[in-house]
Amino acid sequence: MKNCKANFRNELGEKWIFEFDYDKKYSCITGDDVDYNKFPVYDGIALDLVLSNQESDWLKKAWKEATKEIDNILYLEKDTEFIVNKKYCELTISYCPICLKQKQEYEIHHCIAAFDGGTDDYFNLLRICSTCHAIITRGSVEDRIPMLFSAIFHQMMYFGIKVMPTEARKKGRHKGRNFLEIFPSSRKVVDYFYELSSDEQKVCDDKLKSIGKYCYQYFRDMAHGIWPWKDFQETMEKYIQNRSS
């Protein structure tokens, strides 16, 4: 299938180009306003770009047109679905949610490690292949971090705020303070969330799930080599320094 391209010129005369690659199953947006750098697009959203309503509407329409004949775009057309068991989550038919390959050997992965505040609850436990688990555990940083984040955001996509550790876990194996110290922005999100009314929390949680869906696909594709590690390296270096201190 030929790749899909769509062009748009806004009211200021700035040109945007959307492209969907049917072989690699990824899409991006670029244009003269961003010096033709490429930004990831998932579900018609370019999370790192501030677009006008007109530009956003065009992008969503272009995405919808490009993916209208693609089934299960979330899992790259694999014949699989997400299921929740009593003790852990998994994809059906022995697919790994990280590499999206069918494997014979699997392990149960704590998406947020126990010593960082991750619990043994089903929403934090994901069945992934032994290869991906080994890389997350002791692989090189440019391979490990994208897979680690892919797993975390995969669960956030389905469970939202529930995945995030809180200060309430102060002692023992699952104390949440570690994760919140490593990722200060997460602390702000958690603190903000629990100050909201129940109705506001529902809206916020839905937003977190949407962000989780976008970031799962982004980090998964980074692990697959679609998006370069160097684009995220500076942020990750701060994470690595905090993680090792």
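Annotations for the structure displayed:
Quick grid of which residues meet (1) in a strand (DSSP E or B); (2) touching a Gly at 6+ places or on another chain (Cβ under 6 Å); (3) at pLDDT below 90:
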site: K2; (1), (2), (3): no, no, yes
site: G13; (1), (2), (3): no, no, no
site: W16; (1), (2), (3): yes, yes, no
site: V41; (1), (2), (3): yes, no, no
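- The stretch 64-76, residues that are in a loop (DSSP other than H, G, I, E, B), within 26 Å of I161 (Cα to Cα) and of a type in the set (A, V, I, L, M, F, W, C): L76
- Of all residues in the stretch 12-33 being of a type in the set (A, V, I, L, M) and in contact with a strand residue (DSSP E or B) (Cβ under 9 Å, 6 or more places away or on another chain), the one that is surrounded by the fewest Cβ atoms within 10 Å (Cβ to Cβ): I17
- Checking S210 against (1) modelled with pLDDT of 95 or more; (2) within 14 Å of F149 (Cβ to Cβ); (3) not aliphatic (A, V, I, L, M), the condition it does not meet: (2)
- Condition met for E55 (buried (at least 16 other Cβ atoms within 10 Å of the Cβ), outside any loop (DSSP other than H, G, I, E, B), in the same structural domain as K209 (by TED's automatic domain parsing) and not β-branched (V, I, T)): no
- Where strands (runs of 3 or more DSSP E) sit wholly within the stretch 77-196, those with at least 1 residues that are touching a residue at least 40 places away in the same chain (Cβ under 8 Å) and buried (at least 18 other Cβ atoms within 10 Å of the Cβ) occupy 89-91, 106-110.
- Boolean, D48 is among the charged types (D, E, K, R) and part of a helix (DSSP H, G or I): no
- Test result for D33, outside the structural domain of Y218 (by TED's automatic domain parsing), among the acidic types (D, E) and in a loop (DSSP other than H, G, I, E, B): no
- Residue match in the stretch 38-45 (condition: touching a Ser or Thr at 6+ places or on another chain (Cβ under 6 Å), more than 25 Å from V163 (Cβ to Cβ), surrounded by 14 or more Cβ atoms within 10 Å (Cβ to Cβ) and outside the structural domain of M157 (by TED's automatic domain parsing)): yes
The values are calculated or read from the model by the stated rules, or taken from the named source; none is laboratory data. In this text, all values refer to a predicted model and were calculated from it rather than measured experimentally. Please note: Cβ atoms are built from the backbone with ideal geometry, for glycine as well, and neighbour counts cover all protein chains shown.
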